[in-house]
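For reference, the structure is listed below as structure tokens.
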Amino acid sequence: MENLARGQRLPLSNIVAGNSVRVGLQGQGLPLDFACFGLDAQGKLSDDRYMIFFNQATSPCGGISLTGVTGDLQGFQFELEKIPQTIDRIVITTSIDGSGTMSQLQSGYLRLLDQDIEKARFAFSGTDFSAEKAVMLAEFYRKDGLWRFMTIGQGFNGGLDALVTHFGGSLAEPAPAPASEQAEVKKVSLSKVSLTKVGQTHKVSLEKGAGAPRKLVVKATWLDNGDGEDDNDDLDLRVGLLLPYGKMKFITAPDAPGSFMSTPYALHLGDTVSASAKEPATEVVEVNPDIAKLSGGQVVMVFSVYSALSNGAVSVASMRPKMVMQYGEQIVECDFDFRTSKYADDDTVYTYVIGTAVINEDSITLAPSGKTSEPGSENTPWILMNGNEPRIEVMGPAVFKGKEKSKEAQFNKGNPYKYV
């Protein structure tokens, strides 16, 4: 394995066999987003579909895609033989997702892998930077018909938007200009909103008309907490729905997944049994965007993750659960840091409420929660309404994989709340 210095150039053939290469990316001490830009011979983003990031995971040619790399925060897979000749350079970048500067970065690296074998690494840290919020890390570039690789390490004070502008893209509507000039500006959507505090909300338009997406995608993610145990990373995403007639319904995988095209108009796509080291595990629910209309009125949803007793004791907070909702180009994270809660280290607290959604015919309002169950409790989150505002209390009946079994009676005795 070769350690690379800043500014080092070398043929890709010195690193990997062929033009297929995976890049793993890591950074400690700051929340980071990673992106790469496919640039033309003038160093510009001539096609905005060649900005690959959280909101656009694959290039149109299939030669660049976001991927998970075991042990790393994020990764990219490059199949360089698929890259069109109009793309001359591919620049890999990172930017801070939130406040802070790159000087606060404890450590980070970019590594090149052939299959799963690490071949080269470029390490960096906060001592390499000062007030920057984004960094060009490295690039692949063409020379004499062959691909080469260069480390960069150049920072930008303005963050990801500064990088987009630097590469000829635009984040805002441009001022009126001749059509020939407007054609030079490529717009990139960076519409991710991150909600980290209780009380924050964000409304997403359920746009109508041609081109509108036909599903809401809600993902719950969590990380291996690094405790060395292989059997306690199995969380479950559970969803409660308050229907317009005042009753609660419940979906989870694998036994009560729901349905996208019939009531409750939300479908759990399946159970994930573990998270690998520092690579997020994900469970997904697809929600019909017409759920309010089809159900006869406003629908409120509560999303929670649950650690089963049979999987062993674990602090759910240490696994950093969060919720990400996407509707077209609109992305909202509910990323409350449960490590700050009073039960953060309590391995007998099994349920963590990661977010709520209030869905009407024309909009959905997202909010983080921060609620947890009480120690030792098997209760599920229950939705109560204060006027138009939902209030979550973890006092619903115990439900195991969606099954109603007689053995649950001991948990639910005297509980007046029931799912339909």
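The values are calculated or read from the model by the stated rules, or taken from the named source; none is laboratory data. Just so it is clear, the model here is predicted, and its values are computed rather than measured. All Cβ positions, glycine included, derive from the backbone under ideal geometry; neighbour counts span all protein chains shown. For accessibility, only protein heavy atoms count, side chains too; no ligands or nucleic acids. Shrake-Rupley method; radii C 1.70, N 1.55, O 1.52, S 1.80 Å.
Just to be sure I understand, how many residues within segment 395-417 are modelled with pLDDT of 80 or more and either touching a strand residue (DSSP E or B) at 6+ places or on another chain (Cβ under 8 Å) or not in a loop (DSSP other than H, G, I, E, B) (or both)?
The total comes to 7.
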Original post:
Would you say VAL287 is open to solvent by less than 10 Å² (accessible area, probe 1.4 Å), closer than 26 Å to ASP346 by Cβ and at pLDDT 90 or above?
Top reply: no
Subject >> Unique residue being within 20 Å of PRO397 (Cβ to Cβ), among the aliphatic types (A, V, I, L, M) and under 20 Å from the mean Cα position of the chain (by Cα) when the list is VAL285, VAL302 >> reply: VAL302
Original post:
Counting just the residues of segment 14-35 that are assigned to a strand (DSSP E or B) and more than 17 Å from the chain's Cα centre (by Cα), which one comes out farthest from ILE64 (Cα to Cα)?
Top reply: GLN28
Original post:
Is it true that some residue in segment 137-147 is surrounded by fewer than 17 Cβ atoms within 10 Å (Cβ to Cβ) and in a helix (DSSP H, G or I)?
Top reply: no
Original post:
Only one of ASP40, ASP47 is acidic (Asp, Glu) and either open to solvent by 30 Å² or more (accessible area, probe 1.4 Å) or farther than 14 Å from ILE83 by Cα (or both); which?
Top reply: ASP47
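If we scan segment 103-112, do we find a residue that is among the polar types (S, T, N, Q), assigned to a loop (DSSP other than H, G, I, E, B) and in contact with an Asp or Glu (Cβ under 9 Å, 6 or more places away or on another chain)?
No, the conditions are met nowhere in segment 103-112.
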Original post:
Which numbered condition trips up LYS203, out of (1) open to solvent by less than 70 Å² (accessible area, probe 1.4 Å); (2) modelled with pLDDT of 70 or more?
Top reply: (1)
Subject >> The listed residue being aromatic (Phe, Trp, Tyr), touching a strand residue (DSSP E or B) at 6+ places or on another chain (Cβ under 8 Å), under 23 Å from VAL135 (Cβ atoms) and open to solvent by 10 Å² or more (accessible area, probe 1.4 Å), out of PHE53, PHE76, PHE34 >> reply: PHE34
Original post:
So, in segment 153-181, of the ones that are farther than 14 Å from PHE37 by Cα, open to solvent by less than 60 Å² (accessible area, probe 1.4 Å) and in a strand (DSSP E or B), which residue ends up modelled with the lowest pLDDT?
Top reply: PHE156
Original post:
Does ILE392 satisfy the condition of being in contact with a strand residue (DSSP E or B) (Cβ under 6 Å, 6 or more places away or on another chain), open to solvent by less than 30 Å² (accessible area, probe 1.4 Å), modelled with pLDDT of 95 or more and over 16 Å from LEU242 (Cβ atoms)?
Top reply: no
**OP:** Kindly list, by first and then second residue, each pair from a residue in segment 116-128 that is acidic (Asp, Glu) and in a strand (DSSP E or B) to a residue that is surrounded by fewer than 20 Cβ atoms within 10 Å (Cβ to Cβ) and at pLDDT below 95, limited to pairs with Cβ atoms under 7 Å and residues at least 6 apart or on different chains.
**Re:** GLU118/MET1
Original post:
(1) part of a helix (DSSP H, G or I); (2) buried (at least 22 other Cβ atoms within 10 Å of the Cβ): which one isn't true of THR94, the others all being true?
Top reply: (1)
